[in-house]
Amino acid sequence: MAILGTLLKKGITLRESLEQLYTSPLDLQKQELRNLLIHCQSTKFGQAHSFDNILNSFKKSKDEFYKVFSASLPIHDYDSIYEEWWHMAKDGQKDVCWPGKIKYFALSSGTSGASSKYIPITREMVKSIRKTSMRQILTMSKYDLPASLFSKGILMLGGSTDLKKSGHYFEGDLSGITTSQIPFWFQHFYKPGKRISKTKDWHDKLDEIVKKAPDWDIGIIVGVPAWLQILMEQIIERYQLKTIHDIWPSLQIFVHGGVSFEPYKRGFEKLLARPLNYMETYLASEGFIAFQAYPNQKSMRLVLNNGIFYEFVPFSDENFDEDGKMNSNAKTLKIDEVEEGKEYAMLITTNAGAWRYMIGDVVKFTSVDSSEIVITGRTKLFMSLCGEHLSLDNMNKAIELVEEELKIDIREFTLLGDRSDTLFAHHWYIGTDDEVDEHELKERIDANLMMLNDDYKVERSSALKEVRLSILPTNTFYKWMESQGKVGSQNKFPRVLKKEKAQLWRNFLNEQITEIS
């Protein structure tokens, strides 16, 4: 790692990064898809969908390959690809959607649909994740960092590396699967170390880390903001500190992903003596999709040449219904057909056997030339009861603004749709431990959303009759997650709750009130 610090100062760049820098996005993606098709020609999936015929189309006109590919393969969500294909790999069959047997399955947190999703993880995907991780590490040359930082510890707060053996395969959190296979040279720097990382109980793991905290000199922390904030608060309380820098003075970098950091930032920075460098990643259970390539930049660079082929579906009423389900006649686009400032749902084809797979995220391109994106929401985590089209990005921004306006820390929030007589209502549940007037908080969130979203503003004067708001202790949100078996690691509280999950939340709150009374 000390050698890495020296390399960073010299501005070393990997071949893959240079290739993406000096090659058109379409050329990179065309090559990536061709490689995936060649590799999987003899699989059950490849034979069922005439991969030979698709590959022949690559010799024809520029766009013919995509016309044939998109016409030959259906679009899958998790349920459809699992029920038709992945379950066979899970049962131990080989050469299903990827050559050989699948040894690992990542358990996704499942914010919508199935409570747990089994995502295949191949050796090739793990290699791709490592390559992209190194590409992001080397972007640190653009930051003003001392070489000594890379001799410090790196705390990665993830799932258990003690994977569960289930017949033919191992299952666990993606972070647990990848961390269980970290290179030997990295093990000296990796914290919390092999023993603690095997701990299955999340609370026990946090307790162990808190105990060991004084023994470590941590320079980089990696994880989901909510759980890292809870950990740092426990360390500060345990050792009666003012800030986390009192125990880890070398801490300079926070690598985060999985959820927007902005709503957490105000409360997070109260735990610091000085600002950190923030680096965002887009690492899903299905693959390492993008990373922040430059300091102080909100966008992330899509990785175009490391085992994933992307397609984009304009996120509009024409292509998606009110529940976020894609219409059968939705038009898909390749990388050279997208436009800046427009929202797209993503389909991915990967080196783990996902084919035209709807990952569920919605992105917006901030730069087409550089393939820079921001995540604006989820296909199923948005609110549009009557045409207000409220995105996750709108919600996060409204909360960030109200935190600044009222000087409060909102750790968690969620939004439910409701009825107001014959019309509609939004019901916000806000998690904060600060004193704040409920009515003023509601009015300010409402005003911010009207400023951010014209459709919302129009509907607030017509069908969206009412906004309701309930303030709850932050811990209430974490108790509910624990009751759902979603505590710790990469689990996040859903920003929108609909249908069965909304009712589960309401039932939980009623139980909490009953227990108190």
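Worth a mention:
- Residues whose amide H falls under 5 Å from that of Y104, counting only those 5 or more places apart or on a different chain, are I121, F170, with hydrogens built in the peptide plane.
- Mean residue ellipticity, 222 nm, helices only, the chain: the sum of -39500 (n - 2.57) across DSSP H runs of n ≥ 4, divided by residue count and rounded to 500, is -10500 deg cm²/dmol.
- Scaling the Cα radius of gyration of the chain by the globular reference 2.2 N^0.38 Å produces a ratio of 0.98.
- Counted by Cβ distance under 13 Å from D323, the other residues give a net charge of +1, where Lys and Arg count +1 and Asp and Glu count -1.
- Over the C-alpha atoms of region 403-461, the Rg to Rh ratio, Rh being the Kirkwood estimate, stands at 0.99.
- Accessible area per residue for region 274-358, computed on protein heavy atoms with a 1.4 Å probe, is 36 Å².
- Calculated on C-alpha atoms, the gyration radius of region 84-156 divided by its Kirkwood radius gives an Rg/Rh of 1.16.
- 3J(HN,Hα) couplings calculated from phi for region 268-277 with the Karplus curve 6.51 cos²θ - 1.76 cosθ + 1.60 (θ = phi - 60°) are, in sequence order, 4, 6, 5, 8, 10, 8, 8, x, 9, 8 Hz; Gly and Pro show x.
- Intensity falloff of region 385-503 expressed as log10 I(q)/I(0), Debye formula with alpha-carbon point scatterers, at q = 0.22, 0.23 Å⁻¹: -1.36, -1.44
- Rolling a 1.4 Å probe over the heavy atoms of the protein chains gives region 87-191 an accessible area of 43 Å² per residue.
- Antiparallel DSSP beta bridges within the chain, as percent of all bridges there, nearest 5: 60
- When the alpha carbon gyration tensor of region 278-417 is reduced to an equivalent ellipsoid, its three semi-axes come out at 25, 21, 14 angstrom, largest first.
- Within the chain, longest stretch clear of exposed GluC sites (Glu not before Pro) (DSSP loop, no more than 11 other Cβ within 10 Å): 1-317
- In the chain, the portion of solvent-accessible area held by carbon and sulfur atoms comes to 49 percent [1.4 Å probe, whole percent, DNA, RNA and ligands not counted].
- Taking only the alpha carbons of region 329-408, we obtain Rg and Dmax values of 15.4, 48 Å in that order.
- Listed by chain and number, the lysines whose C-alpha is less than 20 Å from the C-alpha of K407, apart from same-chain residues fewer than 8 away, are K242, K265, K270, K397, K442.
- Gyration tensor verdict on region 11-111 (Cα atoms; rounded if a/c is under 1.5, prolate if a/b is larger than b/c, oblate otherwise): oblate
- Overall dimensions of region 288-344 by Cα: Rg and Dmax, Å: 13.7, 40
- For region 235-305, the mean projected area of the C-alpha convex hull, equal to one quarter of the hull surface, is 6.0 nm².
- Phi-based couplings in Hz for region 85-93 (Karplus 6.51, -1.76, 1.60; Gly and Pro marked x): 10, 4, 4, 5, 5, 5, 7, x, 6
- Against the empirical curve 2.2 N^0.38 Å, the C-alpha radius of gyration of region 21-177 lands at a ratio of 1.28.
The values are calculated or read from the model by the stated rules, or taken from the named source; none is laboratory data. Note that this is a predicted model, so its numbers are computed, not measured. Note that we place each Cβ from the backbone using ideal geometry, even for glycine, and neighbour counts take in every protein chain shown. SASA here: full protein model, heavy atoms, side chains in, ligands and nucleic acids out. Shrake-Rupley method; radii C 1.70, N 1.55, O 1.52, S 1.80 Å.
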